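Here the structure is laid out as structure tokens; the discussion comes afterwards.
Values in this text are rule-based calculations from the coordinates and carry no lab data. Small disclaimer: the values here were computed from a predicted structure and weren't measured. Methodologically, a virtual Cβ is constructed for each residue, glycine included, from the backbone with ideal geometry; neighbour enumeration extends over all protein chains shown.
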2 protein chains.
Amino acid sequence: MRMTLLGTGDASGVPVYGCECVACGKARTSNIRRLPSSALLETQCERILIDTGLTDLTVRFPPGTLTRIAITHFHPDHVLGLFLLRWGCAPPLEILCPPDNEGCADLYKNPGTLKFKQLRPYEPVFVNGLSITPLPLIHSKPTFGYCFDSDGKRICYLTDTIGLPPETRSYLMKRPCDLIVFDCSYPPREKKNQNHNTINDVLQIYAESNFKQLVLTHIGHELDAWLANNKKLLPEGMIVGADGMMIE
Amino acid sequence: MRMTLLGTGDASGVPVYGCECVACGKARTSNIRRLPSSALLETQCERILIDTGLTDLTVRFPPGTLTRIAITHFHPDHVLGLFLLRWGCAPPLEILCPPDNEGCADLYKNPGTLKFKQLRPYEPVFVNGLSITPLPLIHSKPTFGYCFDSDGKRICYLTDTIGLPPETRSYLMKRPCDLIVFDCSYPPREKKNQNHNTINDVLQIYAESNFKQLVLTHIGHELDAWLANNKKLLPEGMIVGADGMMIE
């Protein structure tokens, strides 16, 4: 089982449109960008796209190259690509999702080839030797992280969220994950955000947990600017995610 | 005043994802594609983007390069690009639109730098020597076509629609347009579509009108396949639109 981060940016991405801060300037000149947070999970039999904010999915994934999609929630930066993927001559594609009856715009009304399947919290789905467990997160729309178990290995993908609900934290503490990909959008700041973690939130959760390797994702340009000078403050085992990063 | 067609495709675009029909195959091999219908209208002082289904707007239009945007309606294939354009370090951008209080997803709730301005049917807006008149169309969501008048020249952009409301038709007949860009999604077919024109619908409207030059847009792959063998049936003055086509 391996995961590839396809995007590690927040809703604005990096560089931010029109922004001339240090981080955005560097992203432009180096052409190292942060696209909307998303990932590809692969096992021998499964190829699962997690979140669909990328707008080139029809090019990246010709029909038949994905076994299914799992989306964390229905905010536009996580589902935009579905609007482009739904109309086509392709076999039906299962979209695992949280029980959000609002969805996004007309996706439920006009699903095209997409087959939405609402999951229940903590109730795993089993597919081809892979277990996928939806873990509720704390966000302004019903949101699931996903815990993937295969061949004794466990990878968790947890964005978008501010902190973790007690039940989800307990779930994660019961059996340590080999790898956690975790929401970390902002640098330290006084005002608490209602939807995303600051680096201080993540450092505190990490200190209180038994997590081994934690990869930051959903990174905003202000955090990138902060990291440029403060990366050394991150504990061993905490990694800054990057688009294209393959993690096993 | 001139107009450039940036996209001339229907919601699926051409080639359609996974489709192997003649038209889609040709589009793939020739790399001549139909992106979501949209256009750029330019005068000496104005640069107006009409519809925002393109997903590379942040690259095409750096901050300050558009004077405003006009959208025909809030279906995803006409507004997807706004989700990517709204978060940024850019001056406020006025979005002229029909009075659709539903909008699309959370665009109204989280507009970012976008300033939506709902227009009233047939009530022109005047900007820098240009008059923009919203013309109601017939579609499953409140939809405006736009009539642009500048320096004695008139260009109309009319998609998405099936036919024309009597009042809009009268408006167009009163003073002929130099150029009409018109919805034509399908080849001849028996079943009437509720949202878009077939080529026969357009031929009939054209015959009954005093339109000079009419350019087809919002073209689907089935119409492209039909046109490959039947282009000679189009009257003089009726032109098949293409992405990148500049019309004056």
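Numbers at a glance
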item: Simple spin-label estimate for residue B:169 and residue B:128 in nanometres, 7 Å along Cα-Cβ; result: 3.6 nm
item: Given charges at beta-carbon only (K, R positive; D, E negative), |dipole| of chain A in Debye; result: 140 debye
item: Taking the C-alpha atoms of the protein assembly as shown, convex hull volume expressed per residue in Å³; result: 151 Å³
item: Under Karplus coefficients 6.51, -1.76 and 1.60, residue-wise ³J(HN,Hα) of region B:186-194 in Hz, glycine/proline x; result: 10, x, x, 7, 5, 6, 6, 7, 8
item: Those GluC sites (Glu not before Pro) in region B:1-75 that DSSP places in a loop and that have at most 14 other beta carbons within 10 Å; result: B:20
item: Two-site label geometry, residue B:31 and residue B:113: point separation in nm, points 7 Å out along Cα→Cβ; result: 3.0 nm
item: Gap separating the Cα centres of region B:128-171 and region B:1-42, nearest whole Å; result: 22 Å
item: Shape category assigned to region B:32-151 from the gyration tensor of Cα positions, a/c cut at 1.5; result: rounded
item: Gyration tensor over alpha-carbon atoms, region B:2-247, equivalent ellipsoid semi-axes in Å; result: 27, 22, 17
item: Loop-resident sites, region B:182-248, for trypsin sites (Lys or Arg not before Pro), counting at most 16 other Cβ within 10 Å (DSSP); result: B:189, B:191, B:192, B:212
item: Among A:226, A:41, A:16 the positive-end extreme of the charge dipole of region A:2-247 (Cβ point charges); result: A:41
item: Inter-probe distance in nm under a simple model that places probes 7 Å from Cα toward Cβ, at residue A:56 and residue B:212; result: 4.2 nm
item: FRET efficiency for residue B:42 and residue B:230, using Cβ-Cβ distance with R0 set to 30 Å, rounded to 0.05; result: 0.35
item: Inter-chain Cβ neighbour average for residues B:15-25, partner chain, 10 Å; result: 4
item: Proximal lysine pairs, region B:2-247, alpha carbons under 15 Å, eight or more residues apart or interchain; result: 4
